[in-house]
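Everything below concerns the one structure shown next.
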Amino acid sequence: MQEMDKAFDFKTAQTRWYARWEEAGVFTADRESAKTPFSMSLPPPNITGNLHMGHALAYTLPDVVARLKRGQGFDVAWIPGVDHAGIATQVIVERQLKEEGTDRHQLGREKFLERIWAWKERNQDDIENQLRRLGASLDWSRKRFTMDPDLNRAVRKVFVEAYRQGRIYRGPRMIQWDPASQTALSDLEVKHVERNGKLWHLRYPLTDGSGEVVVATTRPETMLGDTAVAVHPDDARYTHLVGKLMDHPLTGRKIPVVADAFVDPAFGTGCVKLTPAHDPNDHAAGLRLGLPAITVIGFDAKMTAAAGSEYAGLDRFECRKKVVADLDEGGFLVKVQDHVSQVATSDRTGAVLEPLVSEQWFMKVDDAAQQALEAVRDGRIKFTPEHHVAVWEHWLTNIQDWCISRQLVWGHRIPAWSCAACGKVHVELEAPTACGACGHGELVQDPDTLDTWFSSALWPFSILGWPDETADLQRYYPNDVMCTSYDIIFFWVARMVMSGLAWTGQVPFHQVYFNSLVRDEGGQKMSKSKGNVIDPLEVMEEFGTDALRFTLISMSAPGTDIALSRTRLEASRNFCNKLWNAARFVQMNLTEEVTLSVEPEFGEAGHWMRGRIQDTLQAVTAALDGFRFHEAADLLYHLVWDDFCATYIELAKVDLTAGTPAQKAAILHFLDILLRALHPFVPFVTEEIHEAVVADRLPAGAPKLLAQRAWPLEDAVLARSGGDPTLIPRFQEVLSALLRLKAESGVDPAKRVPAFCSVLELAPFSEAFKAIARLESIDFASTDLAAPTRTVAVVAGGTAALELAGLKDPAAEKAKLEKEKEKLEKELAALRGRLDNPRYLEKAPADEVEKATALAAEKAARLEQVGALLG
């Protein structure tokens, strides 16, 4: 058995262990297994770049779940994949073409697609290897890509079936157009950014010369497409103007004053210019009022011929400057005010969007949204944290039809063909050979592709083989859990639920855990512009993957964002080192005959440690079942650091260095249980320790890899009983008291001084007291420990003291005791006041009253002891 190194070399261990796990098939689900299935699907990262810190969190937490469930005996299918990321990927490859002096139009559609596929093949391996480096225990034998042929078939089936059901339609609608990527966006892809701008007040003269109407606008360039000015029908200031005509200030066009209830009388002047071709509200009002729509801004974000010869061809923002100048020159500009507005921008490119009427494909989702609402309301899907239900309810009750077409090359192409002769549209699974209406053989496929989220919405069941009734689909669908970020609850989660219910008749998963967002240590959102981005790959290189994982897990309280800092990362690295050093100490003192087949022999410390492990594992299991990852990590941290390392190993040093094989076996069993409990959190360091200390000491037939071993909650060692459960806690209390006395008296922690204790049953732990508290000696006696040269502390069942001859200040000692007496009197008065209150005794739980009574008795005993010390 190889001796452990002084330090854990995480850089080599991470690569080596992941390869070993894969070779052994640890992560591969077995559809023929008799085990209960447990399934999850990985939120597929985009093909476009490196994993960021949000990914690190989003993939670490479900990995904890996956490793836990394997340990609990489930057949775990955690299925990975990568998303084709339509807009983002096409933008990257087009940028490369631009650097080469060409573009996709010169290349042609097919050659451009070949170029993107080649780029995809180079990048997918990078993404997958980063997931491996993170330790994500994914079933790589089932990995998928959103544009795999099987997934494309599922996409086409959904589109065709929904079209035939009347749920998908094509028509002119106002959409948000991204001039940078040259595609329509869905409402969810729009990012509203607060910007400082202007509010221009414009004068529109009445044709009959009887007056004027003043309107306010944040986009004066669109006034070239105005076809009316609207007022509220109940606004008494303007009712007399309704029906009158005005002269358009720049085009000379006659436009009417109309009335519509959408106008806010309190905004601006209460008069609103209507540009039905360039504003959603104006468009809706134009349809109601039968107004013409004049498109003055094109899909290239330049002014069209309809804007007039003076403006045609200008960029929209250049046109804005000219329009304002012309209005001012003509006397039509009344005033200009500073104004803060919400500007619609592309979430992908950052470009200012242009509302345009366009022929697009849409999907009706109102019925599906209602089903998704019911699935959460009736408990078929549960959210953690629960507060996301309110957001879910609000969004799904106000949902609009989904614009699903994109003017992109990269993506699932829409399965619709138009007859070149008669124009008949055919929506089919496969390309038709002839027009069904006129028999003509030339049919042209729609050049558009589907929104990336359309295929992602089918992810939980399409990756399992749907629409075929595959063995995987039958066994692993619905998924048990979906772990994802709350910021894509609408982009993805809602659409998965709607799609799952619509096409499989079942919810796609039973539980959704929404993880936090990772921010910098000041709580700021990470961004390249702020220079505060923390790269997980760099963190793993410096601190190790286990340290990064444990930091993220320990900070992931549901409903709160994570403020990541070097201090927390260093603390997690120190924890891994602490575990390593403790294991190395154990290994150095084990002999060959000490194995896990040896029946362990427990002393008082062993019985206490067994109880602490059992209680903690029960709490950890319950915390993980409730997705309280941070709570589970904290429990294990203190179990290892405080109980096992700081207390148990010190108490058991005699057994470990000079004990019998059975006594040493007790320590080996505890280390083994701790490694199995910690493995889902810090898989690399635990597997490395397991190989060095445990693997060759396992019973015959036991798995050699820690990743294949059972979750230790039901370990037979933990079922043992015996020992005084109060003894070690009393040892810890006395130890803390002695350390505190040293600190309060200003004694150097390394200086050894004599100590005394009246708790006689702790005498067997003399050596542990001397080693941990750095004592010269410790004498146990039931006599009064008070003396002028001593500092004394009251503990449960007695007192503890340090001899400080030549070091002690009697006045300071008396002041300390008087302060403690005052504190105890206040605490005891509060407890007795509560216990003397009949209402408290009537309403409080019985166990709470019992605890309060016991605590009051303990405080009273301590108060009596302090009084005796004060004389």
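The values are calculated or read from the model by the stated rules, or taken from the named source; none is laboratory data. Remember, predicted model here, so these are calculated numbers, not experimental data. Glycine also receives a Cβ, built like all others from the backbone with ideal geometry; neighbour counts cover every protein chain displayed. Each accessible area value is taken on the protein alone, full model and side chains, heavy atoms only, with ligands, DNA and RNA left out. Shrake-Rupley method; radii C 1.70, N 1.55, O 1.52, S 1.80 Å.
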Problem - Scope the stretch 591-607; condition open to solvent by 20 Å² or more (accessible area, probe 1.4 Å) and not in a loop (DSSP other than H, G, I, E, B); matching residues - result: Glu604, His607
Practice task
Within the stretch 91-113, identify whether any single residue is within 28 Å of Leu185 (Cβ to Cβ), touching a helix residue (DSSP H, G or I) at 6+ places or on another chain (Cβ under 6 Å) and outside any helix (DSSP H, G or I), and answer yes or no.
Solution key: yes
Handout entry: Residue in the stretch 677-695 that is open to solvent by 20 Å² or more (accessible area, probe 1.4 Å) and modelled with pLDDT of 95 or more present
Key = yes
Problem - Residue tally, condition modelled with pLDDT of 95 or more, of a type in the set (D, E, K, R) and closer than 16 Å to Asp83 by Cβ, over the stretch 480-494 - result: 0
Exercise for the section: State the number of residues belonging to the stretch 11-31 that are in a helix (DSSP H, G or I) and within 18 Å of Leu705 (Cβ to Cβ). Expected result: 12
Handout entry: Residues (open to solvent by 10 Å² or more (accessible area, probe 1.4 Å), within 10 Å of Phe602 (Cβ to Cβ) and touching a helix residue (DSSP H, G or I) at 6+ places or on another chain (Cβ under 7 Å)) located in the stretch 662-676
Key = Gln663, His669
Exercise for the section: Would you check if there is a residue in the stretch 522-532 being farther than 29 Å from Asp625 by Cα and part of a helix (DSSP H, G or I)? Expected result: no
Fill in the blank from the handout: Selection over the stretch 759-783 where residues are assigned to a loop (DSSP other than H, G, I, E, B), surrounded by 13 or more Cβ atoms within 10 Å (Cβ to Cβ) and of a type in the set (A, V, I, L, M, F, W, C) yields a count of 1
Handout entry: Subset of the stretch 327-348 (residues that are within 33 Å of the chain's Cα centre (by Cα), open to solvent by 50 Å² or more (accessible area, probe 1.4 Å) and among the β-branched types (Val, Ile, Thr))
Key = Val340
Practice task
Please indicate, with yes or no, whether at least one residue in the stretch 28-46 is closer than 30 Å to Asn574 by Cβ and either out of contact with any helix residue (DSSP H, G or I) (no Cβ under 6 Å at 6 or more places or on another chain) or polar (S, T, N, Q) (or both).
Solution key: no
Handout entry: Total residues in the stretch 349-363, condition open to solvent by 30 Å² or more (accessible area, probe 1.4 Å), assigned to a strand (DSSP E or B) and more than 19 Å from Gly197 (Cα to Cα)
Key = 2
Exercise for the section: Can you work out which of the residues in the stretch 460-489 that are touching a strand residue (DSSP E or B) at 6+ places or on another chain (Cβ under 6 Å) and crowded, with 24+ Cβ neighbours inside 10 Å is nearest to Cys403 (Cα to Cα)? Expected result: Pro460
Exercise for the section: Give me the pairs, please: first residue somewhere in the stretch 308-330 and closer than 18 Å to Gly252 by Cβ, second residue anywhere and part of a loop (DSSP other than H, G, I, E, B) and acidic (Asp, Glu), beta-carbon distance under 9 Å, and either six or more positions apart or on two chains. Expected result: Lys322/Glu310; Asp326/Glu310
Problem - Count of residues meeting criterion [part of a loop (DSSP other than H, G, I, E, B) and either surrounded by 14 or more Cβ atoms within 10 Å (Cβ to Cβ) or of a type in the set (Asp, Glu) (or both)] in the stretch 1-10 - result: 5
Problem - Qualifying position, being crowded, with 20+ Cβ neighbours inside 10 Å and either of a type in the set (Lys, Arg) or under 19 Å from His669 (Cβ atoms) (or both), among Arg612, Arg628 - result: Arg612
Practice task
Identify, from the list Arg628, Arg573, the residue that is at pLDDT 95 or above, charged (D, E, K, R) and more than 30 Å from Phe38 (Cβ to Cβ).
Solution key: Arg573
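So that you can scan it fast, the table gives a plain yes or no per residue for (1) out of contact with any Lys or Arg (no Cβ under 7 Å at 6 or more places or on another chain); (2) part of a helix (DSSP H, G or I); (3) modelled with pLDDT of 95 or more; (4) not aromatic (Phe, Trp, Tyr):
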{"residue": "Gln614", "(1), (2), (3), (4)": "yes, yes, yes, yes"}
{"residue": "Ala622", "(1), (2), (3), (4)": "yes, yes, yes, yes"}
{"residue": "Asp634", "(1), (2), (3), (4)": "yes, yes, yes, yes"}
{"residue": "Trp641", "(1), (2), (3), (4)": "no, yes, yes, no"}
{"residue": "Phe644", "(1), (2), (3), (4)": "yes, yes, yes, no"}
{"residue": "Tyr648", "(1), (2), (3), (4)": "yes, yes, no, no"}
{"residue": "Asp655", "(1), (2), (3), (4)": "no, yes, no, yes"}
Practice task
Could you check, for the stretch 784-791, whether at least one of its residues is under 50 Å from the mean Cα position of the chain (by Cα), open to solvent by less than 70 Å² (accessible area, probe 1.4 Å) and not charged (D, E, K, R)?
Solution key: no
